[in-house]
1. Quick one: angle between helix B:271-287 and the longest Cα principal axis of chain B, in degrees between 0 and 90, rounded to 10, please.
2. Can you give the alpha-carbon Rg of chain A over 2.2 N^0.38 Å, where N counts its residues?
3. Within a 10 angstrom radius of each residue's Cβ in A:272-285, how many Cβ atoms of other chains show up on average? Whole number is fine.
4. Where Rh is the Kirkwood radius over the Cα pairs of segment B:302-445, the temperature 4 °C and the viscosity 1.567 mPa s, what D in µm²/s does Stokes-Einstein return?
5. Tabulate in residue order the Karplus-calculated ³J(HN,Hα) for segment A:73-80, using 6.51 cos²θ - 1.76 cosθ + 1.60 with θ = phi - 60°, rounded to whole Hz; enter x for Gly and Pro.
6. Based on alpha-carbon atoms only, what is the radius of gyration of segment A:253-332 relative to the globular estimate 2.2 N^0.38 Å?
7. Show the residues, 5+ positions off or on another chain, whose built amide H is closer than 5 Å to the amide H of residue A:96.
8. What are the extents of the Cα atoms of the protein assembly as shown along their three principal axes, in Å, largest first?
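Just so it is clear, none of the values below were taken in a lab; they were calculated from the coordinates. All values reported here derive from a predicted model rather than from experimental measurement. Positions of Cβ are backbone-derived with ideal geometry, glycine not excepted, and every protein chain shown enters the neighbour counts.
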Number of protein chains: 2
Amino acid sequence: MIRDPKRLSTSEAIRQQHGRDLTSYHAGRFPDVVLYPKDKEELREIIAYANRIGCPIVPFGLGTSVEGQVVPVQGGISLNFTHMNRILEIRADDFAVRVEPGVTRMQLNRELKKYGLYFPIDPGVDATLGGMAATNASGCSAVRYGSTREQILGMEAILADGSPIRTGSLAKKSSAGYNLTQLLAGSEGTLAVFAELTLRVYGLPETFLYAKAVFPDLQQACKAANRMLYRSIQPSKIELVDAYTIQAINSYKQTKYEEKPTLFLELSGWKSAVTAEVERVKEIIQEEGAGAWSHTFDESFGEQLWDARRHAALAIAALAPEKKLMTTDVCVPLSVLPEAVSFAREVMQAEDLQGAILGHIGDGNYHAVFPIDPSVPEEAAKAAKVNERIVRFALERGGTCSGEHGIGLGKKQYLTEEHGDAVPWMKKIKEAFDPNHILNPGKIF
Amino acid sequence: MIRDPKRLSTSEAIRQQHGRDLTSYHAGRFPDVVLYPKDKEELREIIAYANRIGCPIVPFGLGTSVEGQVVPVQGGISLNFTHMNRILEIRADDFAVRVEPGVTRMQLNRELKKYGLYFPIDPGVDATLGGMAATNASGCSAVRYGSTREQILGMEAILADGSPIRTGSLAKKSSAGYNLTQLLAGSEGTLAVFAELTLRVYGLPETFLYAKAVFPDLQQACKAANRMLYRSIQPSKIELVDAYTIQAINSYKQTKYEEKPTLFLELSGWKSAVTAEVERVKEIIQEEGAGAWSHTFDESFGEQLWDARRHAALAIAALAPEKKLMTTDVCVPLSVLPEAVSFAREVMQAEDLQGAILGHIGDGNYHAVFPIDPSVPEEAAKAAKVNERIVRFALERGGTCSGEHGIGLGKKQYLTEEHGDAVPWMKKIKEAFDPNHILNPGKIF
């Protein structure tokens, strides 16, 4: 199975490391053993063996999930993909790459850059592509490129009985049979384990333009973003930060950002085309009553801009370094976003929680991020209450409980609220694919 | 069930009309009865009843499928969606619409135009949105917007036992549970019947720019298209027509198009941005050795351009008006396209078949279109041979047997060649969703 004993560990430190995700607030348990397969053959043998003896299998990339997806709640094997991190083929002229699931997005982008290509999906952290595919991660670029799911042209996956299947192809589209690729993507390791992914990549834009606009209120910021999309402007990023969050950043970083709702923007493409486009964007933004507006091709400004956004989480974490950051992940219809963000702020304030609100405003997906100590029952209850109110608000307005983090352990009850009539049919698929319940048991359902 | 007897027909003419698709060369059979449900309730009752008595159900939109999807090979009920053609809600600020499955794409676009919005997917014919969702249709705009599948935010579907489920939401993205939406989309009526679709729509671009470039050879035309994508230029359409096809158009229409491989292009967006972008496009095109190049914002030129593309099929059909047009539908990795198109031309010539080759060059999807008389055994054999060689060529190079027409009756053997190891798992899903095999039996598998 594992042909080198060095790639098997039962040490407590290693097992502990594989017993939690980025948040560390999901009740977990250590795996019994951590295995580091080095190729498909080992992967297949491990899974077939686990299926025979009824042993849980929990895939583990870099452990950056936030809904407990990597936590082995029933023990068993944690499958670490560190040794399956090869970029197998870059097919530049096909705008496609073949990678092992342990390759990280930054690793891929470093390599792609040599070919003038890039993989735009950026969930913030440097996750593995296997993990991003498993949770259907997205982030700031989804407004233009979609989520990870849309980037997967095909895959080799190992099913619960050890059968390898190939889904999709190297072609950019297909109508050949059931779409297993986009079913397995986002299934959080509960239907199959990825052995290889074929991903769509893109020509690196000639230019990136960065912009920042400060608005008197949230409503106007959202309206401006909406009007841009209406006018078929396709920003590569468009992010919203609320006034309170800017305040937190200022007090943390001693910066002097204007403490008002702010849009962070990125356009990309040909310099001449982007130069023309930004004038229209500026026009729309100013018609919607923006105060300060700045834009530039200067990369250092861009870095500063995205840094400020990242600082929000740091600023919040710094408020209580001993606590864990909890994050919500609802996605609402675009028109509901300003109201949803205001509501989330109210709910946090009602519970006396300080936190950041970060919105992927082009998608309607936003995060309320706040520190809690999950071992203190009142704090855990508060967090659960805030989460619940934010989720219900979204569901009542046609939204979803998870825009990009997945269900894992943390959102199981909300999946039932959101898709009650469909969940039994999801379970039928689970039953057909994994009758012995060895693949990431206890997740999603 | 059907509350008005006028919405039930057993007349021979009506049954005959529901016994064939656009191509008419798939061996078929009449349905026993045609029902025209007018709402979800009727739809549910019909399906639940059919399931109880084991009666086949075959959804029928406008009958424009080309792989026999609507042909009731086992008789039973043909479900015509003519009376379920209401646009239920246009949520302009959410860039989303809710429609019944019988709404056609042109009907939707006429309505959307009032809101400055549009639905870009254009498979050529004016199909119903339900039909487009069922086969995952795409067409010329897929290079920018993807296929129909990517436009579906959610749906209400009726499962084989009559259970209604809601998948997806009004949010633009979701990681909540298994992705049933994109599984049911493209399942050709074999897993569920659509009762309502929630679709993504887009701001209507301010301007469309049309261009045409003539190349000395196929290889150069493909290389130019590839370089455009490399430079992150996102045309809204980019189509390839080979020299032989232009020749056929000229002889049919008495036009004088230069008889060489030709790219038809559309850019869209802000006029100023498009004006800047087209200069880059022209540069690339000319660097790749294009001869004649023309571009314009003039809509009548645009209409003429897409007309010329449509004429290709007419020109071919006119060669033998008593015959049926057969079309292949492979999609290959982009780098393989020039070779694949040359190969298809050779194969047709070897069998002495005259036909058009039309390529969605940004996707690697192309169609070889030629007239045959399927009742003449030698002609049917010829067509099958050409199709087989073209499909094998694609599969051997990492492509797919169907880019956008689906499997239906026509590609069943190739689905097994392409996805042999995955087909048993597709069948497990079919078994779990439709254990009595009432939903479009005999299709896909």
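1. 60 degrees
2. Numbers: Rg = 21.9 Å, N = 445, 2.2 N^0.38 = 22.3 Å.
The reported ratio for this selection is 0.98.
3. Numbers: counts 7, 14, 3, 3, 9, 7, 1, 3, 6, 1, 0, 0, 0, 0.
Per residue, the number of nearby Cβ atoms from other chains is 4 on average.
4. D, rounded to a whole number, is 79 µm²/s.
5. Values, residue by residue: 4, 10, x, x, 9, 9, 9, 9 Hz.
6. Working: Rg = 16.1 Å, N = 80, 2.2 N^0.38 = 11.6 Å.
Compared with the compact-globule rule of thumb, segment A:253-332 sits at 1.39.
7. Excluding prolines and chain starts, which carry no amide H, the hits are A:91, A:201.
8. 80, 63, 60
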